[in-house]
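Trainee: Below you will find the structure I want to go over with you.
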């Protein structure tokens, strides 16, 4: 059993031949078309070089790279413009990890991807082999430089991100029931009943 391979295979089975899938948008309760692209698997020599250069890269991310050397997930697709218009999640390939970390000003973290509008997906560089609390824990850096711990490893993050269809699921616990219904009322007042 390979949980990463099983997860990716299951998700890819929901996509059409071009990587598109219709998703239910959490924020405005509409359907949107999103695009997903997966790179080919990393070669052994490139993987060895990456792990040698960045020993703190999570084992789950290494397994992901063995299947797909990077991916773009849930990029919004505009039918009117006939193109992808951004958003989503970029999980970096080995080359992108090298490029993004080469001149990075955040020395204590390794950048492995980006989310939404400029947020970075990080892991700690100073992980010790027996440091189980922080080992493989992902962090998110917002566009203002604030860092928050996601309290999950890469496999758990990817599983939840795919299940949430690209929504910022890590923020959901911060929304009270009152705030949910307040936002829902604003949306329905602006454009009528939500479309399902």
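Trainee: Do you know which residues across the stretch 92-111 are more than 18 Å from residue 146 (Cβ to Cβ), in contact with a helix residue (DSSP H, G or I) (Cβ under 7 Å, 6 or more places away or on another chain) and not in a helix (DSSP H, G or I)?
Mentor: Within the stretch 92-111, 92 is the sole residue that qualifies.
Trainee: Sticking with this one: Name every residue in the stretch 119-164 that is in a strand (DSSP E or B) and either at pLDDT below 85 or closer than 16 Å to residue 54 by Cβ (or both), in order of residue number.
Mentor: 120, 121, 122, 123, 124, 139
Trainee: Taking the conditions exactly as written (touching a helix residue (DSSP H, G or I) at 6+ places or on another chain (Cβ under 7 Å), free of Cβ contacts under 8 Å to residues at least 40 places away in the same chain and crowded, with 18+ Cβ neighbours inside 10 Å), does residue 61 satisfy them or not?
Mentor: So residue 61 does not fit the description; no.
Trainee: Between a first residue in the stretch 101-115 that is farther than 17 Å from residue 69 by Cα and a second residue that is at pLDDT below 90 and in a loop (DSSP other than H, G, I, E, B), which pairs have beta carbons less than 6 Å apart while being 6 or more apart in sequence or on different chains?
Mentor: Note: pairs meeting the criteria are 108/125.
Trainee: State which residue is surrounded by the most Cβ atoms within 10 Å (Cβ to Cβ) when the search covers only the stretch 78-91 and only residues that are within 17 Å of the chain's Cα centre (by Cα) and assigned to a strand (DSSP E or B).
Mentor: Step by step, filter the stretch 78-91, then rank; the result is 91.
Trainee: Going residue by residue through the stretch 41-53, is there one that turns out to be farther than 30 Å from residue 182 by Cα and touching a strand residue (DSSP E or B) at 6+ places or on another chain (Cβ under 7 Å)?
Mentor: no
Okay, residues lined up against (1) surrounded by 16 or more Cβ atoms within 10 Å (Cβ to Cβ); (2) touching a strand residue (DSSP E or B) at 6+ places or on another chain (Cβ under 6 Å); (3) under 15 Å from residue 121 (Cβ atoms):
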{"site": "148", "(1), (2), (3)": "no, yes, yes"}
{"site": "154", "(1), (2), (3)": "yes, no, yes"}
{"site": "157", "(1), (2), (3)": "yes, no, yes"}
{"site": "162", "(1), (2), (3)": "yes, no, yes"}
{"site": "165", "(1), (2), (3)": "yes, yes, no"}
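Trainee: How do the pairs read when you match residues in the stretch 11-40 that are on the phi > 0 side of the Ramachandran plot and surrounded by 12 or more Cβ atoms within 10 Å (Cβ to Cβ) with residues anywhere that are modelled with pLDDT of 85 or more and part of a strand (DSSP E or B), using Cβ under 6 Å and keeping only pairs 6 or more apart or on different chains?
Mentor: Note: pairs meeting the criteria are 19/35; 19/36; 19/37.
Trainee: Any idea which of (1) in contact (Cβ under 8 Å) with a residue 40 or more places away in the chain; (2) under 24 Å from residue 16 (Cβ atoms); (3) in a loop (DSSP other than H, G, I, E, B) is the one residue 73 doesn't satisfy?
Mentor: The one condition residue 73 does not meet is (3).
The values are calculated or read from the model by the stated rules, or taken from the named source; none is laboratory data. Keep in mind that what you see is a predicted model, and the values were worked out from it rather than measured. Every residue, glycine as well, gets a Cβ built from its backbone with ideal geometry; the counts of neighbours run over all protein chains shown.
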